[in-house]
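Nothing in this text is a laboratory measurement; each read-out follows from the coordinates by a stated rule. It should be emphasised that the depicted structure is a prediction, and the values quoted were computed from it without experimental measurement. Quick reminder, even Gly has a Cβ in these numbers, built from the backbone with ideal geometry, and neighbours come from all protein chains shown.
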Amino acid sequence: MTAPEGQPESVGNGNDQFPDEVEWEPAVPEQSPLTPVFDEATRQRTVEIIARYPQSRSALLPLLHLVQSVEGYVSQDGIRYCAEVLELTTAEVSAVATFYTMYKRTPCGEHLVSVCTNTLCAALGGDEIYRTLSRRLGVGHEETAGEPGTPGSITLEHAECLAACDLAPVLQVNYEYFDNQTVESAQALVEALQRGERPLPTRGAALTDLKTVEMELAGIFPDLAGAVAGNSAAPETLRGAQLAAERHWVAPAMPDMPPALPDLPEKR
Amino acid sequence: MTNSDRSGLDTSTPDPITPVLTRRWLSPRAWDIDVYEQLEGYAALRYALTGHPDQLIELVKASGLRGRGGAGFPTGMKWGFIPQGPTGAGAKPKYLVVNADEGEPGTCKDIPTMMADPHSLIEGCIITCYAIRANFCAIYIRGEALHPLRRVRYAVEQAYAKGYLGRDILGSGFDLDIVVHAGAGAYICGEETALLDSLEGRRGQPRLKPPFPATSGLYASPTVVNNVETIASVPAIVQGGSSWFRTMGQEKSPGPKIYSLSGHVTRPGQYEAPMGTTLRALLELAGGMKDGIPLKFWTPGGSSTPLFTAEHLDVPLDFEGAATAGSMLGTTALQIFNETVSVPWAVMKWTEFYKHESCGKCTPCREGTYWLLQILERMLHKQGTPADIETLLDVCDNVLGRAFCALGDGATSPITSGIKYFRQEFLDLCTAQPSGGVDTAAHDQLPELTGASA
Ligand SMILES: Cc1cc2nc3c(=O)[nH]c(=O)nc-3n(C[C@H](O)[C@H](O)[C@H](O)COP(=O)(O)O)c2cc1C
Ligand code: SF4
Ligand code: FES
């Protein structure tokens, strides 16, 4: 287990009295060269991402996802890289990176497991699932079991409502949905991940790893045509439509042709 | 019996479920453009492009469509606020930003929409942009919604390939680019001005209004921000017309709406019904309460809308009905809790959420949510006093209406409504005073209060 240098949030002491503090390593002197991890391919993708927006700064969130896809977290070098390509200061980029929970400040595992512990999931067992996984992995929120980046390593977090409440309790692995979980199914899932297996999500594409999905979040899709076909049709999602089909319920029929558009309003 | 008016529209009471937004969801691969086109997709766009942009704004005004993102603002009116013309603000570029940040606890309708039928959103975006004369549109999808992001991005690529996007769309002379943008995990970015700041590459913190986005939105230019479900409703309105749209729902809240049922019901899921349906009707569709355990409390539209109880089964779930009964329609996210769940516990959990998601910009919300959580946790750990209940209400009173944005207001909803309907439960926590020492084990006892069974 690797606890981050910051404040490891131990499990269930109910004692997190202070607002979350932001911890970055002190800024590295500007003159030291950027690590070569941001290679030519990354630089090309950077250009492609910036070109999508009317103003370059809008590319900052995607670019932070991009540097995270390279390093597995947003490092000080990643901050400097974004600052350099967008002509911002590192302070400006840090201020943004620390605001958003998906940018991780310490190296993450091969997989990120996010358990929804918002009220509805929690009432249906989400809290228990989180507690069990935490105990099983020996880590707390945003901590990693195993050597970060190595096969089978897992970063655990509790998440806010994942917009899947009809399938509660839910968790995500690398942001792919595993719906209707139990303590047992979640535990079996995590054990499979640790063994290097990649169980299929309920909704989403076949599992890859956190770095790969961070690239997709940056808007660079290595295999969009393949990934897009991943399942999405959960029975819960389709329930209303299914019931309507069974009972021959329909919306009132539309006219055969679209009706004429209204007249133009009178100019004042 | 079927009644019809002069235009031949069926005006009898609509069926309990009226699939419009969800009408393609059962078709395999409806997210693929070929299937979408077979199912009448992009027909509305072709028709819309034959009209004048202002006619489309009039159409949407006449339909009575109201925003599906929570506040229910009339959509056509919002579009009409965009300054047009060759001079002044009208001369600036205009933008459409689609709010797909879906993060309000309980809300789970936009993500299935984007996965099942992303082209209805894209078609709606193109029609909307044509109406407001925007040549650039951004769809801001919450980062955790990775698979919807793929589906929407793929739909955009397919739409470009078929000439529905890009230069001179279908020979109309209208140009449009759409970018699909992933957020990075912050509920506050669903607030429209915070979303704009986030889209500009900044911390997602709300802006002072006025100026409103209609005049000073993205890059300080005129901008419409609309929810996914709002925009996805537009193609059907073009195809069916405003009178058809109004055959469903209520006078002031017309149309169909996706109601999301979650929690202790037999068959949770997405049910698209005419506006103004009731929880009683929806529960019937969903097979009733799970295992027959009675209903205790529910949210009509996400955690920011004040709680309802079993007394409210027949409240019409439209904007007016929910407000008259003391809550809000919000996002029609019906989170349903049975008798095993402790209200103070649920309220404490939601408060944890608001404290975590408070952006910190204004003092009432930043400090208020922090202290509200402290007090609630103390009560849950059986170290509270009856005076704490008054303190909670007092703090809420100081947050509500004084916070910079609606997140702060929303944070007070579960607390004040929870105390309003279930004060005794809060009092019971206080009378059961234990030793008074620091109760570090209390966390492990909480499951008893929730009735959690995993
Ligand atoms: C804290 C907060 C979170 C919000 N989250 C969302 C959201 O996720 N999606 C959304 O469409 N609207 C959200 N809203 C409402 C938006 O500010 C805005 O009213 C809406 O996007 C307008 O679109 P509509 O008119 O189509 O409803 C949120 C508002 C607040 C205050
Ligand atoms: S009310 Fe809360 S979320 Fe809104 S601006 Fe104030 S601190 Fe930020
Ligand atoms: S509460 Fe867990 S997905 Fe909504």
Exercise for review: Would you work out which of A:C82, A:Q55, A:P169 lies farthest towards the positive end of the dipole of the protein assembly as shown? Charges go on Cβ: Lys and Arg +1, Asp and Glu -1.
Suggested key: A:Q55
Check your understanding: Given a Förster distance of 30 angstrom, what is the FRET efficiency for A:R198 paired with A:V250, based on the Cβ-Cβ distance and rounded to 0.05?
Key -> 0.15
Check your understanding: Which far-off residues, 5 or more places away or on another chain, put their amide H under 5 Å from the one on B:G249, with H placed in the peptide plane?
Key -> B:G255, B:M275
Check your understanding: When Cβ neighbours within 10 Å are restricted to other protein chains, what is their mean count per residue of peptide B:240-249?
Key -> 4
Exercise for review: Please tell me the relative contact order of chain B in percent, rounded to the nearest whole number, where contacts are Cα pairs under 8 Å and at least six residues apart.
Suggested key: 15
Point to revise | Those Cys residues of chain A for which no other cysteine Cβ falls under 4.7 Å | key: A:C82, A:C108, A:C161, A:C165
Check your understanding: What 222 nm value per residue comes from the helices of chain B, counting each DSSP H run with n ≥ 4 as -39,500 (n - 2.57) and dividing by all residues, nearest 500 deg cm²/dmol?
Key -> -13000 deg cm²/dmol
Check your understanding: Considering only B:M379, B:A346, B:S358, whose Cα is most displaced toward the positive end of the charge dipole of region B:333-399, charges sitting on Cβ of Lys, Arg (+1) and Asp, Glu (-1)?
Key -> B:S358
Study note, to complete from the structure: Taking Cα atoms only, helix B:386-399 is inclined relative to the longest principal axis of chain B by an angle, in degrees rounded to 10, of 30
Review point. What is the average number of partner chain Cβ atoms found within 10 Å of a Cβ in B:332-339?
Key: 3
Exercise for review: Could you tell me the convex hull volume per residue, in Å³, taken over the Cα atoms of region B:12-245?
Suggested key: 124
**Study point:** Cut-off 9 Å between beta-carbons: net charge of the residues surrounding A:L66, Lys and Arg +1, Asp and Glu -1
**Key:** 0
Practice item. For the protein assembly as shown, build the charge dipole from Cβ charges (+1 Lys, Arg; -1 Asp, Glu) around the Cα centre, then report which of B:F422, B:G185, B:A116 sits farthest towards its positive end. Key: B:A116
Exercise for review: Express as a percent, rounded to the nearest 5, the fraction of DSSP beta bridges in region A:93-249 (both residues included) that run antiparallel.
Suggested key: 65
Practice item. Could you estimate the translational diffusion coefficient of region A:111-209 from the Stokes-Einstein equation, with Rh from the Kirkwood formula over C-alpha pairs, at 25 °C and 0.890 mPa s, in whole µm²/s? Key: 189
Review point. When the dipole is taken about the Cα centre of region B:268-371, and only Lys, Arg (+1) and Asp, Glu (-1) are charged at their Cβ, what size is it in debye, to the nearest 20?
Key: 380
Practice item. For region A:191-242, run through the trypsin sites (Lys or Arg not before Pro) and keep only the ones in DSSP coil with at most 13 other Cβ atoms within 10 Å of their Cβ. Key: A:R195
Check your understanding: In whole percent, what relative contact order does region A:41-152 give with Cα contacts below 8 Å and a gap of six or more residues?
Key -> 20
Exercise for review: Work out how much length B:R280 to B:D34 would gain on full extension: take 0.36 nm times their residue separation and subtract the Cα-Cα distance, in nm to one decimal.
Suggested key: 84.7 nm
**Study point:** For the protein assembly as shown, convex hull of alpha carbons as volume per residue, Å³
**Key:** 154
Check your understanding: When the helices in chain A are scored as -39500 (n - 2.57) per DSSP H run of 4 or longer and the sum is shared across all residues, what 222 nm value do you end up with, to the nearest 500 deg cm²/dmol?
Key -> -10500 deg cm²/dmol
Check your understanding: Using the count of nearby Cβ atoms within 10 Å as a rough guide to exposure, how do A:D77, A:D127 rank from fewest to most?
Key -> A:D77, A:D127
Revision key, fill the gap. The size of the Cβ-based charge dipole (Lys, Arg +1; Asp, Glu -1) of chain A about the Cα centre, to the nearest 20 debye, is 620
Check your understanding: Taking the DSSP beta bridges in chain B as the whole, what percent of them are antiparallel, to the nearest 5?
Key -> 45
Review point. Can you give the mean number of other chain Cβ atoms that lie within 10 Å of the Cβ atoms in peptide A:97-105?
Key: 5
Check your understanding: Given a cut-off of under 8 Å on Cα pairs at least six residues apart, what relative contact order in percent is computed for region B:256-338?
Key -> 36
Review point. Tell me, what is the FRET efficiency for A:L264 and B:T11 to the nearest 0.05, using R0 = 22 angstrom and their Cβ-Cβ distance as r?
Key: 0.20
Revision key, fill the gap. Full extension between B:T87 and B:A323 adds, at 0.36 nm per residue less the Cα distance, a length in nm of 80.9 nm
Revision key, fill the gap. One would report the antiparallel percent of DSSP beta bridges in region B:256-338, rounded to the nearest 5, as 75
Exercise for review: Quote the charge dipole size of the protein assembly as shown about the Cα centre in Debye, to the nearest 20; the model charges only the Cβ of Lys and Arg (+1) and of Asp and Glu (-1).
Suggested key: 1760
**Study point:** Proximal aspartates and glutamates relative to B:K252, as straight alpha-carbon distance under 15 Å, when same-chain residues fewer than 8 apart are discounted
**Key:** B:D318, B:E320
